[in-house]
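S.K.: Pasting a structure below so you can have a look.
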Amino acid sequence: MRIGYGFDSHEFQSGVPLKIGGVTLPHHQGLAGHSDGDVLLHAITDALLGAVAAGDIGSYFPPSDPKWKGADSAIFLAEAVKRVRRAGYRVANVDTSLIMAAPKIGPHAKAIQARVAELLGVKPGQVGIKAKTPEGLNLDHAAVAHVVVLLEKAANKKSATKKKAKRVTSKRKR
Ligand code: MG
């Protein structure tokens, strides 16, 4: 098993849509960023990459590269999911905490959970979406995300076939 942790923050900005966990939320401001500013998908991406010691989001998608301007952050997450698979792991569960003054995440939590699960190729029950307001932090101008992931070894198809073959052989002996 492997554990990964991710953090991200983005400042609120007028004139851009607010995207959180791959879902566009109704709000008068969005998040500034080189990509679509999806603070939650960025933190999940970093948590996954960290879990398999595969660097961070900036090493694959440098903000200096104009190619990623306005990019859908689902692309970043897909790369991290690929790295996890390549390393022989799969997501056991993800837990997230969003810290933002507005909008309220509660009414959208189920939609965010479903979309994140879809992007990760897991069930919604494997994705925790939690949110709180930044009490006493003077952070009303920004959105923050903390994420932890747990990975488990993916079943090795080859060894599963071998085990089956072994079982058949020992049955024959009896
Ligand atoms: Mg970011």
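S.K.: Output the residue which, of all residues in region 17-33 that are touching a residue at least 24 places away in the same chain (Cβ under 8 Å) and touching a Gly at 6+ places or on another chain (Cβ under 6 Å), is nearest to GLY6 (Cα to Cα).
M.R.: Going through the qualifying residues, I end up with LEU31.
S.K.: Is it the case that region 34-54 has a residue that's in contact with a Lys or Arg (Cβ under 9 Å, 6 or more places away or on another chain), within 10 Å of the ligand (Cβ to nearest atom), in contact (Cβ under 8 Å) with a residue 12 or more places away in the chain and of a type in the set (S, T, N, Q)?
M.R.: yes
S.K.: Out of everything in region 19-33 that is away from the ligand (no atom under 11 Å from the Cβ) and in a loop (DSSP other than H, G, I, E, B), what residue ends up being nearest to the chain's Cα centre (by Cα)?
M.R.: If we take residues in region 19-33 being away from the ligand (no atom under 11 Å from the Cβ) and in a loop (DSSP other than H, G, I, E, B), then GLY21 is nearest to the chain's Cα centre (by Cα).
S.K.: Are any residues in region 1-10 part of a loop (DSSP other than H, G, I, E, B) and within 9 Å of the ligand (Cβ to nearest atom), and if so, which ones? It would help to see each step written out before you state the result.
M.R.: Of all residues in region 1-10, those part of a loop (DSSP other than H, G, I, E, B) come to 1.
If the condition is that a residue be part of a loop (DSSP other than H, G, I, E, B) and within 9 Å of the ligand (Cβ to nearest atom), then no residue fits.
S.K.: Find the residue count for region 91-140, including only residues that are closer than 22 Å to ASP46 by Cβ and outside any helix (DSSP H, G or I).
M.R.: 22
S.K.: Just one of (1) assigned to a strand (DSSP E or B); (2) touching a helix residue (DSSP H, G or I) at 6+ places or on another chain (Cβ under 8 Å); (3) within 19 Å of LEU139 (Cα to Cα) trips up GLN13, so point out which.
M.R.: Exception for GLN13: condition (2).
Throughout, read-outs are computed from the coordinates displayed, never taken from laboratory work. All of these numbers come straight from a predicted model, not from anything done at the bench. Positions of Cβ are backbone-derived with ideal geometry, glycine not excepted, and every protein chain shown enters the neighbour counts.
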